[in-house]
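Working notes, structure below.
The values are calculated or read from the model by the stated rules, or taken from the named source; none is laboratory data. Computed from a predicted model, the values in this text were never measured in an experiment. Note that we place each Cβ from the backbone using ideal geometry, even for glycine, and neighbour counts take in every protein chain shown.
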Amino acid sequence: MGAMVQLRCTAALAFAAVVCAFSLAFPAASLAEPAGAQVFTQTNSDLIRRSLNINEGEEETPAVLEADEIFYDSAAEKVIASGDVKIFYAGRVLEANKVIYDSKADEVTAMGNVRLINTDGSVLTADNATFDTELRNGLIKGAKAVLADGQARMAAVEGRRVDGRFTALSKVVYSPCEVCEENPNPLWQIRARKIVQDEEAKDIIYEDATFEVLGMPVGWLPYFRHADPSVKRRTGFLTPSFLSNNNLGYVVKVPYYLEIAPNQDITIIPWIVTDDRPVLESEYRLKLNSGDLRVAGGATWSEDDLERGFRGYFDGEGDFAIGDTFVGDDFFVGFDANLASDDTFLRRYDISGTDRLETRLYVESFNRDGMTSLEAIRYQSFRDDEPAGTIPLILPHLEVERFFDVDAVPGRFNFTTDSLYLRRTDDGQDVARLSSELGWSDYRATSAGITFDSFATFRGDLYRTFDGEQDDKWEARALPSAGFTIGYPLGRATENASHIVEPLASVIVAPYGGNPQEIPNEDSLNTELDELSIFEGNRFPGIDRWEDGPRATVGAKYTRRPNNGGAEFDVAFGQSYRLRDSTVFSEGSGLEDTTSDFVGSWRLENPELFYIGHRFRVTNEADLERNEVYANATLFNRLSLGGSYVYLEEDPEEGADDDRSEGNVNGSFRITDYWRLTGNARRDFEESRFVTTGAGLIYADECCEIGFTVRRRFNDVEDAPPTTTFGFVVKLRGLGTSE
């Protein structure tokens, strides 16, 4: 018969009070009586209560007992609970086949399948155990412990429970690895004369510890400690990594993590290098209610023939709400910083392969009424055709946009002001610009389903240019335009999918001209014509160039959406027409002739299996000017493949002197449940050479992760010649913090 009772009692006599109250709740006739024992009944409850020294008014700590049978032996002054016994007290749970409370010794003895579940979720099992009545202190025989979330296990000959906080185990084996009869030796384990688990400090402390791999000893320490696996963040050393290449020799990175406060930390990563100077990296993170901050960097001192002295890099980002200030309560201040001492440091030390860095400081606000942005931008280029002095510093760039309605006019108005100053230190002119635009837009649909998206704008620009050698030059222009886009989406539902076809057409009217030679082109050099931008009112990406003259665009979209899984399919294409050739677009833009290039894209995707997408641009003579293919797939739940191919025709007027043809492929093959093979390659087809290649072999299970990698970089830049890098990393799960 199962039974359960609940009451409150003093902490010191919690178990005894539970037993007494449980017995009072059930008559003697419902319990079996063993030989020599007295059945605990209501008639002698007061006597038993007095003998156990329990006061009815003590109700500080709740406790619950569950058992099939409960008996009281008055001669021995023992209460015996048997049959699937469970005791719930102060967040801890004791389970056993049989539990005996000895009031004389004031202790609880548990026998058979003993389990003590602690407040942190860890589980201690034993053949038998003896505890005090608070389940805080005790002696455990044949102890085994499973730490919180099952991330590690300990087995010992004997253990002691001390002060409800410490579990001290003797002759212990610790490991997060699972074992079975076929493979009794875990991949790695620690044998120790003594292990103490501190549940409050979340520490595991070892004395006389031997490290074993596949049952073979590989190291010994007289004493060490680490955080238990439930700890997410803790000061200490992190997993080291190893690499070697022909530039640096052998490299060991030993990260040290310092938890400054719950909301901030710093990681320091010294590099021990055999064929070069040591490198020191660090990363600092801060999280506040108002925003986040991350700053990182690395540095060394070089005596290389090409680069001498300090070398390093810095990158970081931060974004913080200003709060209720004089500028309003929805403003943010922040930065994105990327700096390097020279053009080869990032490549030589395998930190990044980028050849242009940007640093931005900003104050900005976005809300339903518009946006405000004030920023300063500094560019750092490592390209041979971009000397540092010719790259402008943008200080400042102010952009303000506001939306508003006029009751007597349908649609919505917006007013935008954009101003900036570009400054160069060497050759090249400095530029100041002020641009303001008043716009109107309206979107509506008729009862027949035809949509109209209309707009009208009037923009005025004022430029001042100077280069220190000539007098200042001023130039102004006024730029009106108006147009609309009409669409007629047609839908149809079938048994398996829904289909939508939408033909589109747009007409835009604007005067010719508006692009005098005196206005420099700083922000509209790279025009990207595709299936989306072809319907834009101005297809230049910036303000310095203006698309003039009347034009029209036609196109269509098709979308298929499955009802119950399956593949999705999208298609979009378009072409633009003008009355005469454009002199403002470059020869390779696709917009210079009366008929533009034909642009389009399509996408086929099954979210669980594959994705393939294609974007293209074709001239009227059927020459392929742009060709981009992206694909990935998962096959047989073991093989994952992804790749891309990009071809772009040369356009010297926009800075692309040569064709670009490049492919990238990456993949992962799961050999077994634990072994995985990875690979990647990037190839420049115009130069007929690889840019980078790499491969990796990774083993990962519940107790460790081991990775072997090899990477080849083929670019040859000053003191960063082609390099082959070998890497090795071992992560032991359950040994230290989990993040």
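The set of residues from the stretch 512-541 being farther than 21 Å from LEU434 by Cβ and more than 44 Å from the chain's Cα centre (by Cα) comprises just one member, TYR512. Looking across the stretch 329-376, the residues that are of a type in the set (A, V, I, L, M) and more than 30 Å from TRP301 (Cβ to Cβ) come down to VAL333, VAL363, MET371, LEU374, ALA376.
Only a single criterion out of (1) crowded, with 17+ Cβ neighbours inside 10 Å; (2) closer than 22 Å to ILE394 by Cβ; (3) not assigned by TED's automatic domain parsing to the domain that holds VAL646 is not satisfied by LEU462, namely (1). When you check ARG477 against the structure, is it outside the structural domain of VAL509 (by TED's automatic domain parsing), over 35 Å from the mean Cα position of the chain (by Cα) and either at pLDDT below 95 or surrounded by 14 or more Cβ atoms within 10 Å (Cβ to Cβ) (or both), yes or no? So ARG477 fits the description; yes. Here the condition is being touching a strand residue (DSSP E or B) at 6+ places or on another chain (Cβ under 9 Å), over 30 Å from THR167 (Cα atoms) and assigned to a strand (DSSP E or B); of LEU258, LEU243, it holds for LEU243 alone. Restricted to the stretch 211-236, and to residues there that are without any contact (Cβ under 8 Å) to a residue 24 or more places away in the chain and hydrophobic (A, V, I, L, M, F, W, C), the residue that is surrounded by the most Cβ atoms within 10 Å (Cβ to Cβ) is PHE211. Set side by side, the residues PHE71, PHE88 differ, and just one is within 45 Å of the chain's Cα centre (by Cα), in a strand (DSSP E or B) and of a type in the set (Phe, Trp, Tyr), which is PHE88.
Which of (1) buried (at least 17 other Cβ atoms within 10 Å of the Cβ); (2) among the small types (Gly, Ala, Ser); (3) under 41 Å from the mean Cα position of the chain (by Cα); (4) not in a loop (DSSP other than H, G, I, E, B) does ALA556 not meet, given it meets every other one? Result: ALA556 passes all but (1). When THR559 is tested against the conditions (1) under 19 Å from VAL501 (Cα atoms); (2) touching a helix residue (DSSP H, G or I) at 6+ places or on another chain (Cβ under 9 Å); (3) polar (S, T, N, Q), the lone failure is (2).
Tally time: how many residues in the stretch 161-182 are surrounded by fewer than 17 Cβ atoms within 10 Å (Cβ to Cβ) and under 36 Å from the mean Cα position of the chain (by Cα)? Going through the stretch 161-182 one residue at a time, the tally reaches 4.
Just one of the numbered conditions (1) crowded, with 17+ Cβ neighbours inside 10 Å; (2) modelled with pLDDT of 80 or more; (3) closer than 28 Å to ARG191 by Cα is not true of ALA148: (2). If you check LEU648, LEU635 for being at pLDDT below 95, within 23 Å of GLY566 (Cβ to Cβ) and among the hydrophobic types (A, V, I, L, M, F, W, C), only one passes: LEU635. Going by the structure shown, is TYR379 farther than 30 Å from ASN246 by Cα and crowded, with 17+ Cβ neighbours inside 10 Å? The answer is no for TYR379. With the condition kept exactly as written, say whether any residue in the stretch 248-265 is farther than 30 Å from THR723 by Cα, of a type outside the set (Phe, Trp, Tyr) and surrounded by 17 or more Cβ atoms within 10 Å (Cβ to Cβ). There is at least one residue in the stretch 248-265 that is farther than 30 Å from THR723 by Cα, of a type outside the set (Phe, Trp, Tyr) and surrounded by 17 or more Cβ atoms within 10 Å (Cβ to Cβ).
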